[in-house]
Amino acid sequence: TDKRTTVPSILARKGGRPIVALTAYSALTARMVDAHADVILVGDSLAMVEHGMDSTLGLTLDVMILHGRSVMRGARKALVVVDMPFGSYEESREQAFRNAARLLGETGCTAVKLEGGVGMADTIAFLTARGIPVMAHIGLTPQSVMTIGGFRTQGRQEADWPAIEADAAAVAEAGAFSVVLEGLVEPLAAKITGAVPIPTIGIGASAQCDGQILVLEDMLGFSPRVPRFVRRFGGLGEAADKAIAEYARAVADRSFPGAAEVYSMKA
Ligand code: KIV
Ligand code: NA
């Protein structure tokens, strides 16, 4: 629709009003987030948060498309970005285009996100030149968990900075319309934000970023263990536990269903 947030309007937020981004994996949560966010990401964190996997490596393109379609049914205003899953874009820029085109075509989303900096710049340029807006993702890139050896904050040593700054410059130069900075020490995230011409969206990064993103279930308080960068804005995990416990008690003592919750015969 013509009321949906556009790629140029996100680009125009560089250095201005912070971009509000959150994840959603379904129509139910997308509807809630759409009321307040500029960007909804159908993140491949879906693997761990919703499907109980140990990493994001196990998701297929078809699963991302299923969830992307669900989110699109709930989101009217926000710009929806769908993560390209592990194995769907790294092989070649042609493979990336083919699968990104499926994500846009089969879900109706506006953009894709993929992980990588200098090494993915050629692919990002190939996609953007062919009508596929790309959000880049650098720093802590969870699809590389096996090579990194864990979910580790990046840039702790100043010697590591130039490579990460080069990643940021490369994805901007390649035409990405924004870049997620994940798990970077604060001064590096701030420095990159000042250096690149595209909006940076931080997660475990810096308040200086041009926007912020969190995993919805983490910030709502559903996730039992979260990294230190997550602020729990709600306690929905506790609320849900209380509600389910009350339901279990009411079933056990036959106080549910009550008189108003059952059907009677026609008079
Ligand atoms: O998969 C995801 O949710 C993400 C964000 C946390 C940036 O990539
Ligand atoms: Na992701």
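Within segment 156-198, count every residue that is within 15 Å of ligand 1 (Cβ to nearest atom) and in contact with a Phe, Trp or Tyr (Cβ under 8 Å, 6 or more places away or on another chain). Result for segment 156-198: 1. Of the set (1) within 14 Å of ligand 1 (Cβ to nearest atom); (2) crowded, with 23+ Cβ neighbours inside 10 Å, all apply to G116 but (2).
Return a yes/no flag: does segment 192-200 have any residue that is under 16 Å from the mean Cα position of the chain (by Cα) and either part of a helix (DSSP H, G or I) or not β-branched (V, I, T) (or both). Give the steps one after another, and end with the answer.
Step one: filter segment 192-200 for residues under 16 Å from the mean Cα position of the chain (by Cα), giving 199-200.
So of that shortlist, the ones also either part of a helix (DSSP H, G or I) or not β-branched (V, I, T) (or both) come out as 199.
Scanning segment 192-200, I find at least one residue that is under 16 Å from the mean Cα position of the chain (by Cα) and either part of a helix (DSSP H, G or I) or not β-branched (V, I, T) (or both), so the answer is yes.
Would you check which residues across segment 73-105 are under 21 Å from L11 (Cα atoms) and of a type in the set (K, R) and list them? Within segment 73-105, R76, K77 qualify. Let me spell it out: the conditions are (1) touching a helix residue (DSSP H, G or I) at 6+ places or on another chain (Cβ under 6 Å); (2) buried (at least 22 other Cβ atoms within 10 Å of the Cβ), and M84 meets all of them except one. Which number is the exception? In the conditions (1) touching a helix residue (DSSP H, G or I) at 6+ places or on another chain (Cβ under 6 Å); (2) buried (at least 22 other Cβ atoms within 10 Å of the Cβ), M84 misses (1) alone.
Test A176 against the stated conditions and say whether it is crowded, with 21+ Cβ neighbours inside 10 Å, out of contact with any Leu (no Cβ under 6 Å at 6 or more places or on another chain) and within 18 Å of D44 (Cα to Cα).
Working: crowded, with 21+ Cβ neighbours inside 10 Å: yes; out of contact with any Leu (no Cβ under 6 Å at 6 or more places or on another chain): yes; within 18 Å of D44 (Cα to Cα): no.
Taking the combined requirement at face value, the residue does not satisfy it.
Would you say V134 is at pLDDT below 95, within 16 Å of ligand 1 (Cβ to nearest atom) and either buried (at least 24 other Cβ atoms within 10 Å of the Cβ) or aliphatic (A, V, I, L, M) (or both)? Step through it out loud before you land on a result.
On the way: at pLDDT below 95: no; within 16 Å of ligand 1 (Cβ to nearest atom): yes; either buried (at least 24 other Cβ atoms within 10 Å of the Cβ) or aliphatic (A, V, I, L, M) (or both): yes.
Answer is no for this residue.
Of all the residues in segment 44-77, those that are touching a His at 6+ places or on another chain (Cβ under 9 Å), away from ligand 2 (no atom under 11 Å from the Cβ) and within 16 Å of I213 (Cβ to Cβ) number 0.
The values are calculated or read from the model by the stated rules, or taken from the named source; none is laboratory data. Just so it is clear, the structure is predicted and the values come from calculations on it, not from any experiment. Positions of Cβ are backbone-derived with ideal geometry, glycine not excepted, and every protein chain shown enters the neighbour counts.
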